[in-house]
1. Which longest uninterrupted range of chain A lacks any trypsin sites (Lys or Arg not before Pro) assigned by DSSP to a loop state (not H, G, I, E or B) and surrounded by at most 16 other Cβ atoms within 10 Å?
2. For chain B, which span is the longest to avoid every loop-located (per DSSP) member of chymotrypsin sites (Phe, Trp or Tyr not before Pro) having at most 15 other Cβ atoms inside 10 Å?
3. Where the centroid of each part is defined by its Cα atoms, how far is segment A:189-227 from segment B:203-247 in Å?
4. For chain A, take the longest principal axis of its alpha carbons; what is the angle in degrees between that and the long axis of helix A:132-141, to the nearest 10 within 0 to 90?
5. In deg cm²/dmol and to the nearest 500, what is the mean residue ellipticity at 222 nm of the protein assembly as shown if only DSSP H runs of at least 4 residues count, each as -39500 (n - 2.57), divided by the residue total?
6. If you take the Cα atoms of the protein assembly as shown, find Rg, then find the Kirkwood Rh from the mean of 1/r over all pairs, what is Rg/Rh?
7. What's log10 of I(q)/I(0) for chain A at q = 0.10, 0.11, 0.15 Å⁻¹, Debye sum over Cα points only, no solvent?
8. Using a 1.4 Å probe and ignoring any ligands, DNA or RNA, find the accessible area of A:Leu163 and quote it in Å² to the nearest 10.
Amino acid sequence: MLTPIVDVENLTVQFGDNVVVDNVSVSVGRGEILGVLGPNGAGKSCMLRAMLGLLPYRGRVSFFGTGPEDKKHILPLVGYVPQKIDHEPLFPATVHDIVSMGVVTRQRRVQGLALLERSGLDWRNTGEPHTEREMVESRSEDCQTCLPCEDPHTEREMVESALETVGLSPIRDRRIGELSGGQRQRVFIAQSLVRDPLLMIMDEPVSNMDVESQSLVYSAIRQAARKHKVTVIISMHDLDTLREHTNAVMFLNRSLIYHGDTDAFFADRDRVKMYTEASMHAGGHTHGV
Amino acid sequence: MVLEILEYGFIQRALVSGVAISAICSFVGAFLVMRRLALFGDGIAHVAFGGIAVGMFAGLYPVWTALGVAVLGSIGLEKLRKSTSIPGEVAVAVTLVTGLSVGIIIISISGGFTVDLFSFLFGSIVLVSTEDMTIILSISGAVLALLCILYRRLLFVTFNEELARISGIHTTALNYIFVAVAAVTVVTAMRLTGILLITALIVLPTITASKFGRGFKATILISTAISASSVVCGIFASYGLDWTPSGTIVILLVVCLVTVHLVFAARDRWLRVGSRISTRGQAAG
């Protein structure tokens, strides 16, 4: 059996007496797009943040089959898009500045990839180029490369390409504080994409976007998953989007209700109804179905 | 008259030291303000006051003891901020009063305030010796070099620490290095504005420049230009008017801040009116 990209065992997140994620176990394979579904307060964000080590948890979380001691080397291979980013409103950085931050630690990515090789994981079998020549060739024909980026020209190309992917090129020189919520979300998605991740964890990344921007982002996600075998874990509320863009579903309501194929999730009307009712009960809203 | 003033050695030393200090304060200030730690300089300056008192009491060069105590204080402040639920501004307040209290106790033991101590409290840029100037230039060079090396990582951590940590940046180590560098900057700048006005040099140019800057680098450069101009003009004005340089420099920085904000507010109002007239014109057409 292939090593899962993400392997979570008995994950529990607790604040005092309040258990917000209860004993969740899940595995995610390479190139999979896993939609994390759940009503407001179901523990989706806490679970994703705990997986990344941003919240204390009990249980075991493994990325690419590596142990917890390797997590700091592995995290540079993970792109994270939080639900909301708290920053100083006056922060004088442009869209380009923010996206460029994603390539600051390219060297750490190379170290992470080397660790995967030592662990026996064939990360190259992801559609990514092998030799330096292939890398250079692939750079000219495709936006996302795995080149360690020391050359500023190359770095600029990568940033421009990520900006274009999410439709932000025209506003690359605008200040982050001047953007709408949806535009800001696209900036953070571009920052995540520019890191050329093997795994993307996205917490309701399109919640403030218009339909056109959502479609652009989902198209980029699907392309990354299909072409580069990037694994994507994405939390969401919209059932139509879930059905259209994911191939696996994880229904969470503090504990795990369902994990499996997207089509199988929608085949069971009672399960879909259970989610809809849980969402209504939590004061949220659902779309579709 | 300007050329005549420039012939004085003490004015030359004051100008060179002042410009170097304004550059490092602007660089460090941009990061501190955007981390919502605008009063960090004030807190560390008061801790440094305790260090100066220790130096004077022990018969050591007070700037070195102030440097040591300020660096330790800044690391303590960062530890307090990170390992407890105490918010940043409260941690600064705790550090500030602790440093000041220690300083006052040591001064009272050693026989009260001296002229030297007042020069640290209110600044004494025109009293800078050649040796002082060499130290200020060396420290400023080292601080600028280190900040340039760490610039992109610091920018990422300043913008969002969680994202920076996930990207593989050692945020804890970087934060400690940064607060230590900021402490060194504050102690170096004490000769220019004194402990009581140090915040002005760190906060005001950044806030003024943030109105212009489209990017972080541009903001730092504009902030340095505003700060250095105020320092140069302040030194000349204080000589001509026989005012204290530190107060004059800070007043000039405040005037810059208010003027820039008024000009930008007027521009925004003008643009709003223009846009309303244009919309009405289109509707009528």
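The values are calculated or read from the model by the stated rules, or taken from the named source; none is laboratory data. Note that this is a predicted model, so its numbers are computed, not measured. Glycine gets a Cβ as well: all are built from the backbone with ideal geometry, and neighbour counts include every protein chain shown. Areas reflect the complete protein model, heavy atoms only, side chains present, ligands, DNA and RNA absent. Shrake-Rupley method; radii C 1.70, N 1.55, O 1.52, S 1.80 Å.
1. No qualifying site falls inside A:175-289, the longest such stretch.
2. Longest site-free region, per DSSP loop and neighbour criteria: B:114-242.
3. 43
4. 70
5. Mean residue ellipticity, 222 nm, calculated: -20000 deg cm²/dmol.
6. Result for the protein assembly as shown is an Rg/Rh of 1.05.
7. Taken in order of the listed q values, log10 I(q)/I(0) reads -0.53, -0.65, -1.21.
8. 0
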